[in-house]
Amino acid sequence: MSELTKNVQPLQDFNWDEFENGTVANISKEELDKAYDETLNKVADHQVVEGKVISVDKKEVVVNIGYKSDGIIPATEFRYNPDLKEGDVVEVYVETAEDKKGQLVLSHKKARLSQAWDRVNQALEAEEIVQGYIKCRTKGGMIVDVFGIEAFLPGSQIDVHPIRDYDQFVGKTMEFKIVKINQEFRNVVVSHKALIEQELEAQKQEIISRLEKGQILEGTVKNITSYGVFVDLGGVDGLIHITDLSWGRVDDPKKVVELDQKINVVILDFDEEKKRIALGLKQLTPHPWDALDANLKVGDHITGKVVVIADYGAFVEVQPGVEGLIHVSEMSWSQHLRSAQEFLKVGDDVEAVILTLDRDERKMSLGIKQLREDPWEAIETKYPVGSKHTAKVRNFTNFGVFVELEEGVDGLIHISDLSWTKKVKHPSEFTKVGEVIDVVVLDIDKENRRLSLGHKQLEDNPWDVFEEKYAVGSVHTGKITEVMERGAVVSLEENVEGFATPKHLVKEDGSQAQQGEELEFKVIEFNKDSKRIILSHSRTFEDAQREEKRAARKTAAPKKKDEAPKIENVAASTTLGDLDVLAKLKADMEKSE
């Protein structure tokens with residue numbers, strides 16, 4: 001006999017007959033079953049009831065709802081509540097009282113969902129703090145399980161600090177405040193930041209009330225933007241504007257500070273109502289101008305780097321926080337309007353001369369053209385009157401051509417000094433901007449830094465020769481190159497141009513000469529000083545016709561010896577010789593009387 005059974009004794013008064021017949025103590029088995037069932041809860045399918053947690057492990061939670069069997073629920077349905085423990089009372093939804101295996105099937109998730117919408121609305125109205133389980137990331141934020149409903153947590157509402165790593169929050173249970181509900185689409189928006197802000201509000205007010213201008217505090221770099229740096233001062237934020245980060249120019253605040261870096265800052269200003277605090281970092285160090293070499297003076301040479309460039313000039317950093325301006329007019333001896341970008345670019349290392357220095361105003365102007373000799377200092381030696389040079393055409397005006405002999409040395413060729421022979425209406429007819437042209441120096445205006453130049457003077461004046469060749473009465477072949485209302489321009493040899501009025505353009509057949517025709521022209525006027533030649537085509541045949549008529553009249557009516565000369569139209573055709581004849585005739589008539 002085993003140790004387990006040796007001391008077991010049968011009941012002396014146990015009625016084995018009643019047991020075998022299904023009765024105990026005169027009570028039937030049906031009555032016993034009925035009494036047992038009455039001790040259990042009446043459970044119906046698809047209802048929500050409360051149950052007591054019997055056990056909890058990583059995979060499942062066993063819940064007793066007072067039924068003849070316990071229900072088993074997956075532990076994942078309780079992820080939102082990591083503090084769940086044995087003995088806790090939870091709501092469960094009865095899927096079925098008995099499945100095919102006779103097992104009670106429960107769901108905590110469905111129990112939460114059945115009342116979730118009402119609870120969410122109540123929490124919003126009462127501004128209640130709720131617990132939620134962060135399930136996963138989504139675009140712009142996170143998905144949070146609140147009462148079984150998937151709510152949206154915007155990234156900006158996770159914390160008062162900008163979040164750089166969203167994944168660290170996945171799987172966490174946190175407290176939230178419901179901030180918005182869309183009843184139509186049943187969307188819920190929650191915020192964790194709102195809870196933090198409530199706690200910080202009183203703390204901020206207390207901190208701001210103790211602030212003073214000039215106070216130095218330690219803070220942590222919270223956020224870096226293109227315009228400045230936000231610093232956490234222990235519950236309240238302040239802004240260091242980009243201009244207050246360094247005495248030197250800062251193009252990117254990230255080059256000065258780093259995220260989460262602890263730095264000392266000075267309070268420049270604050271607004272208690274708007275809770276804005278202006279901070280400074282550069283103010284903790286002496287101003288660079290105060291450390292500038294005391295012996296530095298106007299005329300000294302300095303070196304620096306171009307940090308900013310604009311059309312009107314370039315700013316050169318002599319040392320961090322100390323800058324000088326090179327105006328575009330101080331970059332070249334040239335007087336042409338140009339932009340600073342033609343001479344310098346950001347990052348260039350330059351040498352310059354100090355032109356002005358104001359330590360009180362902390363201003364300095366610099367020049368780089370002064371590193372080279374002013375070309376006008378020895379202008380009479382380099383470009384004496386009568387000397388010949390080549391120049392580059394810079395631009396035109398109606399009265400002439402501006403040219404550049406070298407950088408800083410400009411001159412003007414007047415339109416009348418372009419050509420001896422060609423009538424130039426506008427300089428653009430003669431040359432083009434950018435072309436090279438030969439010139440001779442006619443005059444020097446050192447005070448106004450201008451040279452008077454000529455182009456035609458490179459050749460002898462051909463009008464000295466033309467005076468004989470194109471004498472009045474001479475006939476030449478010419479081509480009509482331009483026809484205007486007041487006459488026509490006629491091209492002759494050697495690029496000489498003459499002019500003929502409309503009445504002198506009539507041809508022998510009575511028609512008017514046209515542009516492009518090549519005809520004979522007679523010179524009827526030559527003016528050397530004004531370089532003018534007046535021509536006539538009509539006179540080439542009209543003069544010959546007059547001579548023929550005059551000769552015919554002489555042949556048809558010869559004079560008689562004793563016939564007195566006939567006086568006709570004395571006023572119109574009298575000459576000095578005629579007057580002598582008249583005087584002699586008058587004397588003879590008076591003598592005969």
Worksheet item: Amide H neighbours of Trp247 under 5 Å, counting only residues 5+ apart in sequence or on other chains, H built in-plane at 1.01 Å?
Response: none
Practice prompt. Scan around Lys180 for amide H atoms under 5 Å from its own, H built in the peptide plane at 1.01 Å from N, and keep only partners 5 or more places away or cross-chain.
Written response: Val189
Worksheet item: To the nearest 0.05, how large is the calculated FRET efficiency for His241 and Ala291 if R₀ is 30 Å and r is the Cβ-Cβ distance?
Response: 0.80
Fill in: Förster-model FRET efficiency, 51 Å R0, Lys305 and Arg532, C-beta, rounded to 0.05
0.20
Response to the item:
Going through Lys109/Lys222; Lys213/Lys262; Lys388/Lys479 one by one, the pairs whose alpha carbons sit over 28 Å apart turn out to be Lys109/Lys222; Lys388/Lys479
Worksheet entry | Overall Cα dimensions of the stretch 77-229, principal axis frame, Å, largest first | 78, 37, 29
Practice prompt. Can you quote the Å³ per residue value for the convex hull of the Cα atoms in the stretch 73-159, rounded to an integer?
Written response: 129 Å³
Worksheet item: Just for the Cα atoms in the stretch 374-431, what are the lengths along the principal axes, largest first, rounded to whole Å?
Response: 36, 21, 15
Practice prompt. With r as the distance between the Cβ atoms of His327 and Asp167 and R0 = 51 Å, compute the FRET efficiency 1/(1 + (r/R0)^6) and round to 0.05.
Written response: 0.40
Practice prompt. Return one whole number: the accessible area per residue of the stretch 94-241 in Å², for a 1.4 Å probe.
Written response: 54 Å²
Worksheet item: Roughly what would the spin-label model give for Ser69 and Glu128, points 7 Å off Cα along C-beta, in nm?
Response: 3.4 nm
Worksheet item: Tell me, what HN-Hα J-couplings in whole Hz come from the Karplus equation 6.51 cos²θ - 1.76 cosθ + 1.60 at θ = phi - 60° for each residue of the stretch 50-57, using x for Gly and Pro?
Response: 9, x, 10, 6, 8, 7, 9, 9
Worksheet entry | Magnitude of the charge dipole, the stretch 192-251, Cβ model with Lys/Arg +1 and Asp/Glu -1, debye to 20 | 140 debye
Fill in: Global geometry of the stretch 197-242, whether rounded, prolate or oblate, following the gyration tensor of its Cα atoms and the 1.5 cut on a/c
oblate
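The values are calculated or read from the model by the stated rules, or taken from the named source; none is laboratory data. Just so we're clear, the structure is a prediction, and the values are computed from it rather than from any experiment. Cβ sites come from the backbone with ideal geometry, for glycine too, and all protein chains shown count toward neighbours. Quick note on the areas: whole protein, heavy atoms, side chains included, nothing else; ligands and nucleic acids left out. Shrake-Rupley method; radii C 1.70, N 1.55, O 1.52, S 1.80 Å.
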